[in-house]
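*Asks:* Input: one structure, supplied below.
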């Protein structure tokens, strides 16, 4: 009996390993540049290009198919993020000086730079039901602003100040509303895109700092990455906010992607230097099936669902030791070390 029990255990273990997704590092390309920080990355919806907002080094367009830099967009110093509106042949660039750059998507030619705010613009989404681009300001003490931008007229049409210290990237629900994570306030809110009326506010136990969001539209589930002493993923009902599941995740998560095709979540942690893969067994049951090592500080991510690739920017850095004068010193990034790691998923 012991012999057969051992064989059964081996069979179960082997089957579990065989079923686990295979992840491997396909490429890692280092790009030149003296900048000491970077912002968000975004995938071109029309071509296999990755837009890298490299702040001091400008907006770099990287060909993921050939793994090479295509070009750095002219006059793009300060690029912190991008939002694509392909039907207008435009990509709008959010800048650290509070301006918005207009770039022709097909030619990558800069067209104009529009003053929006006096300091950093953080992220943006294009909301197709209203035709608006919704722009998120950077941290402003205890206030943040959502700007309405008309991409056809290329002008700001409204501004909404919120009592929120920092707004992480918005998530469009797909019904004319959007989710807004309030990290410092410990809440997730939902607003109407047409009027900016507050529709819902949710606060979850054991989720002191909600940050990155993703969703499963078919099963009506919202995924909330929670920072804190015990970081976790909260799975909620997208309509009611009712918590359906909780799972531990890595520290200081900045991005979450839901892979519709394979019903799994991809969650990078720059602090832990890994990407966790969480399998969705059904709407309310989840299990971590694998994690793959990345680079420290690889916290932003672009997920290419069509090619089943994950793109992670990072830089080498030195971390000064804490001191009485500076108890939490910032890392010092090293020039010439900015890289893009490509992970391939089976």
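*Asks:* Which of (1) in contact with a strand residue (DSSP E or B) (Cβ under 8 Å, 6 or more places away or on another chain); (2) within 19 Å of residue 100 (Cα to Cα); (3) not in a loop (DSSP other than H, G, I, E, B) is the odd one out, the single condition residue 69 does not satisfy?
*Replies:* (2)
*Asks:* Taking the condition of being surrounded by fewer than 14 Cβ atoms within 10 Å (Cβ to Cβ) and touching a strand residue (DSSP E or B) at 6+ places or on another chain (Cβ under 7 Å), how many residues in the range 111-139 meet it?
*Replies:* Residues that pass the stated criteria total 3.
*Asks:* Taking interchain pairs and intrachain pairs at least six residues apart, which have beta carbon atoms under 8 angstrom, with the first residue in the range 109-136 and free of Cβ contacts under 8 Å to residues at least 12 places away in the same chain and the second in a strand (DSSP E or B)?
*Replies:* The qualifying pairs are 111/102; 111/103; 111/104.
*Asks:* Go through (1) surrounded by fewer than 22 Cβ atoms within 10 Å (Cβ to Cβ); (2) more than 30 Å from residue 48 (Cβ to Cβ); (3) without any contact (Cβ under 8 Å) to a residue 60 or more places away in the chain and name the single condition residue 286 misses.
*Replies:* (1)
*Asks:* Additional query: Go over the candidates 146, 171 one by one and state the one that is buried (at least 21 other Cβ atoms within 10 Å of the Cβ), modelled with pLDDT of 95 or more, in contact with a strand residue (DSSP E or B) (Cβ under 9 Å, 6 or more places away or on another chain) and within 24 Å of residue 250 (Cβ to Cβ).
*Replies:* Result of the check over 146, 171: 171.
*Asks:* Which of the residues belonging to the range 232-244 are in contact (Cβ under 8 Å) with a residue 40 or more places away in the chain, surrounded by fewer than 19 Cβ atoms within 10 Å (Cβ to Cβ) and part of a strand (DSSP E or B)?
*Replies:* 244
*Asks:* Quick test of your reading of the structure: residue 197 fulfils all but one of (1) surrounded by fewer than 15 Cβ atoms within 10 Å (Cβ to Cβ); (2) within 21 Å of the chain's Cα centre (by Cα); (3) under 22 Å from residue 132 (Cα atoms). Name the failing condition by number.
*Replies:* Of everything listed in (1) surrounded by fewer than 15 Cβ atoms within 10 Å (Cβ to Cβ); (2) within 21 Å of the chain's Cα centre (by Cα); (3) under 22 Å from residue 132 (Cα atoms), residue 197 misses just condition (2).
*Asks:* In addition: Name the single residue, out of those in the range 149-168 being over 23 Å from residue 112 (Cβ atoms) and surrounded by 14 or more Cβ atoms within 10 Å (Cβ to Cβ), that is nearest to the chain's Cα centre (by Cα). Walk me through it before giving the result.
*Replies:* The first filter runs over the range 149-168 and keeps only residues over 23 Å from residue 112 (Cβ atoms), leaving 160-168.
Now drop any that are not surrounded by 14 or more Cβ atoms within 10 Å (Cβ to Cβ), which leaves 162, 164-168.
Details: 162: 22, 164: 19, 165: 19, 166: 15, 167: 13, 168: 9 Å.
So the residue we want is 168.
*Asks:* Of everything in the range 264-278, what is free of Cβ contacts under 8 Å to residues at least 40 places away in the same chain and either buried (at least 22 other Cβ atoms within 10 Å of the Cβ) or touching a strand residue (DSSP E or B) at 6+ places or on another chain (Cβ under 9 Å) (or both)? Give them in sequence order.
*Replies:* Result: 269, 272, 273, 274, 276.
*Asks:* Would you tally the residues in the range 91-110 being surrounded by 16 or more Cβ atoms within 10 Å (Cβ to Cβ), outside any loop (DSSP other than H, G, I, E, B) and more than 20 Å from the chain's Cα centre (by Cα)?
*Replies:* Final tally of qualifying residues: 5.
*Asks:* Now, a different point. Out of 185, 161, I need the residue that is assigned to a loop (DSSP other than H, G, I, E, B) and free of Cβ contacts under 8 Å to residues at least 24 places away in the same chain. Which one? Show your work before the answer.
*Replies:* Values: 161 fails: assigned to a loop (DSSP other than H, G, I, E, B).
Residue meeting the stated conditions: 185.
*Asks:* I'm told residue 182 meets every condition in (1) under 20 Å from residue 312 (Cβ atoms); (2) buried (at least 17 other Cβ atoms within 10 Å of the Cβ) except one. Can you identify the failing condition by its number?
*Replies:* Here residue 182 meets the rest and fails (1).
*Asks:* Now, a different point. For the range 1-58, give me each residue that is farther than 25 Å from residue 268 by Cα and modelled with pLDDT of 95 or more.
*Replies:* 46
*Asks:* Would you confirm, using the coordinates I've provided, whether residue 298 is assigned to a loop (DSSP other than H, G, I, E, B) and either touching a helix residue (DSSP H, G or I) at 6+ places or on another chain (Cβ under 7 Å) or under 30 Å from residue 236 (Cβ atoms) (or both)?
*Replies:* Numbers: assigned to a loop (DSSP other than H, G, I, E, B): yes; either touching a helix residue (DSSP H, G or I) at 6+ places or on another chain (Cβ under 7 Å) or under 30 Å from residue 236 (Cβ atoms) (or both): yes.
Against the criterion (assigned to a loop (DSSP other than H, G, I, E, B) and either touching a helix residue (DSSP H, G or I) at 6+ places or on another chain (Cβ under 7 Å) or under 30 Å from residue 236 (Cβ atoms) (or both)), residue 298 qualifies.
*Asks:* So for the range 149-158 (the condition being in a strand (DSSP E or B), modelled with pLDDT under 95 and closer than 19 Å to residue 97 by Cβ), does at least one residue qualify?
*Replies:* Applying the first criterion (in a strand (DSSP E or B)) to the range 149-158 yields 149-150, 155-158.
So of that shortlist, the ones also modelled with pLDDT under 95 come out as none.
No, the range 149-158 contains no residue that is in a strand (DSSP E or B), modelled with pLDDT under 95 and closer than 19 Å to residue 97 by Cβ.
The values are calculated or read from the model by the stated rules, or taken from the named source; none is laboratory data. Note that the structure is a prediction, hence the values are computed from the model and not measured. Here Cβ is always computed from backbone atoms with ideal geometry, including for glycine, and neighbour counts include all displayed protein chains.
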